[in-house]
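Visitor: What follows is a single structure, and I will ask about it in a moment.
The values are calculated or read from the model by the stated rules, or taken from the named source; none is laboratory data. This one's a predicted model, so the numbers in the text were calculated from it and none came from an experiment. Every residue, glycine among them, receives a Cβ derived from its backbone with ideal geometry; neighbour counts consider all protein chains shown. To get the accessible areas, we keep the full protein, side chains included, count just its heavy atoms, and leave off ligands, DNA and RNA. Shrake-Rupley method; radii C 1.70, N 1.55, O 1.52, S 1.80 Å.
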Amino acid sequence: MNDAASAHRRIQQLREQIEHHNRRYYEHDDPEIADADFDALMRELAALEADYPEYATTDSPTQRVGGRTARGFQSVTHLQPMLSLDNAFDEAEVAGFDRRIRARLEYDGAVTYCAEPKLDGVAVSLLYEQGELVRGATRGDGREGENITGNLRTVNDVVSRLSTKEPPARIEVRGEVYLPKQAFAELNRRLEQGGGKAFVNPRNAAAGSLRQLDAAVTAERPLQMFVYGLGETGDTVIPESHYETLQMLAGWGFRISPLARTVTGVDGCLAFHDEVLRQRDQLPYEVDGVVYKVDRADWRRELGFVARAPRWAIAHKFPAEEAVTRVLDVTFQVGRTGALTPVARLAPVFVGGVTVSNATLHNMDEVRRKDVRIGDTVFVRRAGDVIPEVVRVVAEKRPDDASLVELPSACPDCGAEVVRPEGEAVARCSGGLGCPAQRKQTLKHFASRRAMDIDGLGDKLVEQLVDRDLLHDPADIFGLAKADLVELERMGEQSAANLLEAIERSRETTLARFLYALGIREVGEATAEALAAHFGDLDALVMADEEDLLRVPDVGPVVADYISGFFRQQENREVIRRLREAGVRWRAERPRDSGLQQAFDGQAVVLTGSLAAMTRDQARDAVRRLGGRVTGSVSGKTAFVVAGDDPGSKIERARELEVPVLDEAAFLQRLREAGLAI
Ligand code: IVH
C-alpha cells in the first residue's frame, strides 16, 4: 500500500475510534480511555489531515466539538456555537500561539492576555432575558446542546435573576459547572457502598449529575459554577476587555475565578501557568490547565475563529493525573504495624508527571468494592504527591482469564498467620517484630526525616542491614560499627563515616520526635507533640493511665489503648532503655501548665514564606509552646496564617476561605503578648 493509501486508512480508523470515545465521554459520562490518550488520537488525526489535505473533511472530529445530545432532554440550538479550545502542551506551543496572534494583528509589542484556570467540569450556557434565566443548556456538539434548565436551577451558583437595575434585553453567560474534589470523593463513596459504579473523576461526576432526568437528584449534588465568558450578547454594550467583562459578571452575582488576572506576553502566561500548577493540589476543585485569552475585545473580533476553536485563546494543559493501564499482578505489602496492603503491579504508565508501575488498592474491602482483578484494564490516578491509586476498572476490557485477588493466609514475608479481626477492613501479619518486613518498616520510620532524622539511613540501607541481621530494633542502630557498614553495597569509607556521624547527631532529639519515631499505632507527629507537651517527660507518659492519657487533646480511647499497650510490652520498654543507654536524649519540654499563657490553645496555624526574626523551626516551636500546632495546608479549621516574605499560594487559599492572615510583625506581637521573649 502506498503512503497516501495507508494514511487514508489510518485517518478513517482514527475517526471511528474518536467517535466511539466521544460517545462514551459525552453521552454516557463513562470514558474508556484517559483524556491524555484521547488528546493523542486527536493530534495524530490532525497531523495526518494536515499532511494529506485531500482526506480532510468538514465532518471530521477535528472540525467539530465533542458529543451529541443524549436522549431524554430536549435539544436546543445555541445562539452562538459553543466552541472548544486548542491545546498547548509546552512552552514552545504557547510561544507559537503568541507569535501567530502578533503576526495576524501585525503588532510587535507584548500582548495582554486574561489568564484563568481551566476548570475541569462541564461547559454550560445560561440565557437571560430581561435579567431572568430562561434557558440553561449543555454544550452538546457545540451547535446543539441539551436543555437542562430545571437541573441548572438547582445549582446554587446559577443566578436566576441578574443583580442589575438595567439588565440587558438578552444575554448568554457561559461557564463551567463542577463538583468540588471533596464532594466527588463523598459521592463515589456513597455510590460504591450502594453497589453502584464510581465516577472516574470529578468532571464525569459533574456531567452525570447535571444530566439526571430527575432534577431532585441533581439538587442533592453540591455542584458549583465559575463563569468565564459570554455567548450571544444581542444589543448589549459589553466592556472592551475580557477582564472587565468578568468583573461585570461578578457584579451581576456570578462567581468568577479568584485566580483570573491579566498577564503580559508569553513570560506572563508561563508564570501564571507555573503558579496555578503549584497550587493545583490545594485547590478545592479540579483544574486541568490554564487558559490564555487575548484581553482586548476589538482584537478578538479581528482574530476570529477556526472551525472548532477561537484563534484568540488557548488552553495550556497540566500533566494528566489519570491514565489507563493494565494490572499485571496484585501483591501484598506488609507495613510497620503488620497491615497488609494490596498493591497493583501495573504495566508502567506516565501519569501526574512520573512513570508509575505500582498503585495502592488500600485494603481487601476496596479490592472487592472496585472488583479489581489481575489482568483488568484500570484507571490510575496520581494527584500531587499522593500515592497512585486504582480508581476504577474498565469492565468492557476484562479478559476471560482475569483472576480474582485473594488475601494470603500467611504473611508473604515471614510466613506468620494473617489475621483479620471481624468488622475490620485491614488484615495484619501476626509476626510482630519477628517479621522482617515489619522490622524494616519500623526502622525506616524511626530513621526518617521527621522522626530521628538520621541522614543517609534510607530505605535501601535499612533493608540491607536487616537482611544481613545487623539490625533488629532501633537500639541496634546506635551499636553499628564502621566495619559493619563498609561491607555493604555502595558504601565506601567516607559514606560509612558520614552515616556514623549522622547517627551520632541524631542522639540529641526532642521528646516529640522520639515518641513519633517509636511508631506507636495512631501516634502521628501531631499526637506525639501533644503528648510531649502534656507530659513533659517520658517517664510520666510511660506511667500514665487511661484517664491521664484522655486529658491530652487529640487522644481518644482507641489511641490511649494503643499507647498504654505499647508501653506495657516488655520488649518495647527494653528497646527504650537501650536507646537511652546509648545516649539518646532530649531537652526537657515544658509541660502545658508552665507559666506561659496557652494563647494558641488547640489552634491550627499555617506558616508560609520566610520570616526575618526567626527560622521556621523556631516559629513552629513558639506556636507549640503556646499550645497551638503548625499544619501544612490551609483549611476551614485553620485559625490563622502567618505570612513571611515571598509567601506561597497558601495566602490565596486563606483569602478564599476567609482565614485571617498575620504578617510577621503582627505574629511577633501575639507571641510577646502571650509571654514569649522574642
Ligand atoms: S473559554 C470559545 N475559559 O474548556 C472558548 N473555557 O475546550 C470558550 N473551560 O468546554 C472557552 N475553564 O468549558 C474557557 N476559564 C475557562 C475555562 C474553559 C474550563 C472549558 C470549557 C470548554 C473547554 C474548552
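Visitor: Is there a residue in the stretch 75-93 that is more than 15 Å from the ligand (Cβ to nearest atom) and within 24 Å of Ala205 (Cβ to Cβ)?
Guide: Scanning the stretch 75-93 turns up at least one residue that is more than 15 Å from the ligand (Cβ to nearest atom) and within 24 Å of Ala205 (Cβ to Cβ).
Visitor: Might you check whether a residue that is surrounded by fewer than 18 Cβ atoms within 10 Å (Cβ to Cβ), free of Cβ contacts under 8 Å to residues at least 60 places away in the same chain and over 24 Å from His534 (Cβ atoms) occurs anywhere in the stretch 590-611?
Guide: yes
Visitor: Could you say which residue among Val177, Val158, Val237 is touching a residue at least 60 places away in the same chain (Cβ under 8 Å) and either open to solvent by 20 Å² or more (accessible area, probe 1.4 Å) or within 27 Å of Tyr292 (Cα to Cα) (or both)?
Guide: When all the criteria are applied, what remains is Val158.
Visitor: Moving to a separate point now. Of the residues that make up the stretch 52-61, is at least one open to solvent by 70 Å² or more (accessible area, probe 1.4 Å), under 35 Å from the mean Cα position of the chain (by Cα) and either within 15 Å of the ligand (Cβ to nearest atom) or at pLDDT 90 or above (or both)?
Guide: The answer is no; no qualifying residue exists.
Visitor: Report the residue count in the stretch 277-305 for those that are of a type outside the set (Phe, Trp, Tyr) and either touching a Ser or Thr at 6+ places or on another chain (Cβ under 6 Å) or more than 11 Å from the ligand (Cβ to nearest atom) (or both).
Guide: The number of residues fulfilling the criteria is 17.
Visitor: Given (1) open to solvent by 20 Å² or more (accessible area, probe 1.4 Å); (2) touching a Phe, Trp or Tyr at 6+ places or on another chain (Cβ under 6 Å); (3) closer than 23 Å to Leu79 by Cα, where does Thr262 come up short, assuming only one miss?
Guide: Of (1) open to solvent by 20 Å² or more (accessible area, probe 1.4 Å); (2) touching a Phe, Trp or Tyr at 6+ places or on another chain (Cβ under 6 Å); (3) closer than 23 Å to Leu79 by Cα, only one is false for Thr262: (3).
Visitor: Related question: Quick check on this structure: which one of Leu303, Leu213 is surrounded by fewer than 19 Cβ atoms within 10 Å (Cβ to Cβ) and closer than 25 Å to Tyr26 by Cβ?
Guide: From the options Leu303, Leu213, the qualifying one is Leu213.
Residues checked against (1) more than 22 Å from Leu283 (Cα to Cα); (2) crowded, with 18+ Cβ neighbours inside 10 Å; (3) within 16 Å of the ligand (Cβ to nearest atom); (4) not small (Gly, Ala, Ser):
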position: Gly131; (1), (2), (3), (4): yes, yes, no, no
position: Ala137; (1), (2), (3), (4): yes, yes, yes, no
position: Thr154; (1), (2), (3), (4): yes, yes, no, yes
position: Thr164; (1), (2), (3), (4): yes, no, no, yes
position: Ala207; (1), (2), (3), (4): no, yes, yes, no
position: Pro222; (1), (2), (3), (4): no, no, no, yes
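Visitor: If you check Ala123, Ala103, Ala95, Ala137, which single one turns out to be small (Gly, Ala, Ser), part of a strand (DSSP E or B), under 27 Å from Ala46 (Cβ atoms) and at pLDDT 95 or above?
Guide: Testing whether each residue is small (Gly, Ala, Ser), part of a strand (DSSP E or B), under 27 Å from Ala46 (Cβ atoms) and at pLDDT 95 or above leaves just Ala123.
Visitor: Which of the residues that make up the stretch 363-380 are surrounded by fewer than 18 Cβ atoms within 10 Å (Cβ to Cβ) and part of a loop (DSSP other than H, G, I, E, B)?
Guide: Selection gives Asp371, Gly375.
Visitor: Something else about it: Report yes if some residue within the stretch 85-106 is of a type in the set (Phe, Trp, Tyr) and out of contact with any strand residue (DSSP E or B) (no Cβ under 7 Å at 6 or more places or on another chain); otherwise report no.
Guide: There is no residue in the stretch 85-106 that is of a type in the set (Phe, Trp, Tyr) and out of contact with any strand residue (DSSP E or B) (no Cβ under 7 Å at 6 or more places or on another chain).
Visitor: While we're looking at this one, here's another question. Which condition number in (1) among the hydroxyl-bearing types (Ser, Thr, Tyr); (2) open to solvent by less than 20 Å² (accessible area, probe 1.4 Å); (3) touching a residue at least 24 places away in the same chain (Cβ under 8 Å) is the one that Thr149 fails?
Guide: Going through the list (1) among the hydroxyl-bearing types (Ser, Thr, Tyr); (2) open to solvent by less than 20 Å² (accessible area, probe 1.4 Å); (3) touching a residue at least 24 places away in the same chain (Cβ under 8 Å), Thr149 breaks only (3).
Visitor: Considering every residue within the stretch 506-529, establish whether at least one is without any contact (Cβ under 8 Å) to a residue 60 or more places away in the chain, open to solvent by 40 Å² or more (accessible area, probe 1.4 Å) and either over 23 Å from Arg629 (Cα atoms) or part of a helix (DSSP H, G or I) (or both).
Guide: no
Visitor: What is the number of the single condition among (1) assigned to a strand (DSSP E or B); (2) out of contact with any Phe, Trp or Tyr (no Cβ under 6 Å at 6 or more places or on another chain); (3) touching a residue at least 24 places away in the same chain (Cβ under 8 Å) that Thr341 does not meet?
Guide: Status for Thr341: all satisfied but (3).
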